[in-house]
Structures are given as structure tokens and as C-alpha cells.
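Report on one structure; see the data block that follows.
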Amino acid sequence: FSPDDVTVLFVLGGPGAGKGTQCARLVRDYGFTHLSAGDLLRAEQERPGSQYGQLIKDCIRNGEIVPMEVTIALLENAMRATLDKTADKKARFLIDGFPRKMDQALKFEEVVCPAKLVLFYDCPEAVMEGRLLERGKTSGRADDNAESIRKRFRTFVETSMPVVRHYEAEGRVVKVDATPPPDHVYSDTREKLRKALGD
Ligand code: UP5
Ligand code: MG
């Protein structure tokens, strides 16, 4: 994809930081297309005939990262499908929960499209844990239980934070405190995005 046609923002943050919540608001107000890597993986896991179903299921329950070939192919297909539906073949994407490992970050930017910037939702673990345990009462997500949450946090600290630091060193990160209530986080997001994107 050419950066002339496609604008990509990566949306990162720990499990339960509120990436999906904020993306929904950004879609509403800015006309982004929201692609959650986790949602795409969960859909692929359910797809009859998928050769990756069991692999994805095991990775998600254990808070481990699915091999990048699978996730990048799903993202690329979803981007292509979106562009095919637009008249001018242009689109702006929020890629939520990806890249969460350095190899994914480098590969995606090399073969798919460079990201314009990275929106990073920063939140203390105790706050995220409380949100996920609460959501787990009704979400039906296989990874919203105490044991999986612990594993997700560990993967985030060990594997995904280096990605955030990589982009920080390049000056491409817009960091937002994700602790306050959603509306507060969102107004902070808008303010910072306006400065960073100039719109
Ligand atoms: N909530 C949200 N914001 C709040 C706020 N400001 N104040 C109070 N409450 C707030 O929110 C989580 C909960 O908190 C909700 O109940 C919400 O109402 C409340 P949400 O917006 O869903 O947070 P989000 O950051 O999106 O949390 P999520 O659980 O989706 O994050 P994860 O990063 O853990 O999940 P994801 O779906 O991205 O990935 C799941 C798994 O898929 C990974 O662990 C991994 O195994 C796999 N995966 C890959 O292998 N590769 C990938 O590239 C991506 C995923
Ligand atoms: Mg999410």
C-alpha cells in the first residue's frame, strides 16, 4: 500500500488499557477504519476450515503472540477489502493491538505500509486488571480470567513494551494517560492527535 493512499496509526497499550474503547470514538468522529488484530484473530479462530484455529486459540488463552505471518495476512486482507469498497481507493486505518513484537513491527512497515504514528495508551497494571476482571464477568473472552490476564501482562512488559520504546526513540509516539474515565481519555486523545496530525 502506498502511504499516499493509506494512512496507518498503530494503537498500542496493555491489555485492558482501553484501546478498543478509544478506537470506537475515533471511528465515530474521524472516519477511521478500525482494525483490531485481536478481533481479526478471534474471527479467524471461529472460521470453519481455518488451518490456524487451534493455534490462535492456544496463543490467546496463554497470552502469547500468534506468529506474525498469520496476523499480517489478516490485516492486509482487511485493508484490501476496505480499499476495494472506497471510490477513491484511499483510507485511514487504526490498527489496534498490533504490532506487539519487534519482528511484526519491522515486517509490517516493510511489506504493508509504514505507520504515520503510534497512539500509546499508558495505564497501570492494577487498573487494567480491575477492568479485565470486571469485563470477564460477561465478555465470554477466553483470556479474561486471572491466570490468562497475568500471562498477557507478562507478554506485554517483556515483548510489546520494546516496540513502544522503539517508536518512542523515533519520535513517533503520542502517549495518552489511559487511567481517567473514557471521555476524559478521549478528549486528551483528540487534543494530542490534533497537534500531531495537524487536523
Ligand atoms: N474501559 C475502557 N476504558 C476505560 C476507562 N478509561 N475507564 C474505565 N473503564 C474503561 O477496555 C477493556 C475494559 O475496560 C472494557 O470493559 C471497557 O469498557 C473498560 P477495551 O477498550 O476493550 O481495552 P483494550 O485495550 O482494547 O483491551 P483488550 O482486552 O482488547 O486488550 P488486549 O491487548 O489484551 O487484547 P487483543 O484483543 O488486542 O489481543 C488478544 C490476544 O490476541 C493477545 O493476548 C494475543 O494472544 C493475540 N494477539 C496476537 O497474537 N497478535 C496481535 O497482533 C494481536 C493480538
Ligand atoms: Mg481490544
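The values are calculated or read from the model by the stated rules, or taken from the named source; none is laboratory data. Because the structure is predicted, anything quoted here is derived from the model rather than measured. Glycine also receives a Cβ, built like all others from the backbone with ideal geometry; neighbour counts cover every protein chain displayed.
Total residues in the range 142-190 satisfying the condition of being within 16 Å of ligand 2 (Cβ to nearest atom), in contact (Cβ under 8 Å) with a residue 40 or more places away in the chain and part of a loop (DSSP other than H, G, I, E, B): the figure is 3. Tell me, yes or no, whether the range 43-58 has at least one residue that is touching a strand residue (DSSP E or B) at 6+ places or on another chain (Cβ under 6 Å) and either crowded, with 18+ Cβ neighbours inside 10 Å or modelled with pLDDT under 95 (or both). No, the conditions are met nowhere in the range 43-58. The set of residues in the range 100-129 that are free of Cβ contacts under 8 Å to residues at least 60 places away in the same chain and either among the small types (G, A, S) or closer than 17 Å to E69 by Cα (or both) comprises D103, Q104, L106, K107, F108, E109, E110, V111, A126. In the range 118-138, of all residues being in a loop (DSSP other than H, G, I, E, B) and within 16 Å of ligand 2 (Cβ to nearest atom), the one that is nearest to the chain's Cα centre (by Cα) corresponds to C123. Quick one: in the range 144-193, which of the residues that are among the small types (G, A, S) and within 19 Å of T21 (Cα to Cα) is surrounded by the fewest Cβ atoms within 10 Å (Cβ to Cβ)? Per the criteria, the residue is S187. Where strands (runs of 3 or more DSSP E) fall wholly inside the range 1-117, the ranges with 2 or more residues that are hydrophobic (A, V, I, L, M, F, W, C) and more than 9 Å from ligand 1 (Cβ to nearest atom) are 6-13, 91-96.
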